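The values are calculated or read from the model by the stated rules, or taken from the named source; none is laboratory data. Predicted model, so just to flag it, every value in this text is computed and none were measured. Using ideal geometry, Cβ is built from the backbone for each residue, glycine included, and neighbour counts are taken over all protein chains shown.
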Amino acid sequence: MNNKLLEEIWQQHSGKITGAFIGFFCGVFILLFGFLHTLFVVVCSIVGYVIGKRMDEKEDIMDILDRLLPPGYHR
């Protein structure tokens, strides 16, 4: 296919394409590993993303953990 055509399709439909791939992989993971295992992996991925994003913004890791963990959890 023509690269220009692929770029145009991606620019107009990137959200639909990305959503379809995410939905496909979630469905495959649920079929292979089960719903709860897949949900656990998704939650861990989201937590990792949030922590990584905050670290990229130069936020202190201890401040992040203080907000995520219950009060009095660490010494």
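Of all residues in the range 44-64, exactly one satisfies the criterion of being at pLDDT below 75 and over 19 Å from the mean Cα position of the chain (by Cα), namely Ile61.
Filter the range 7-37 down to the residues that are among the small types (Gly, Ala, Ser) and exposed (fewer than 11 other Cβ atoms within 10 Å of the Cβ), then identify the one that is nearest to the chain's Cα centre (by Cα). Across the range 7-37, the extreme among qualifying residues is Gly23.
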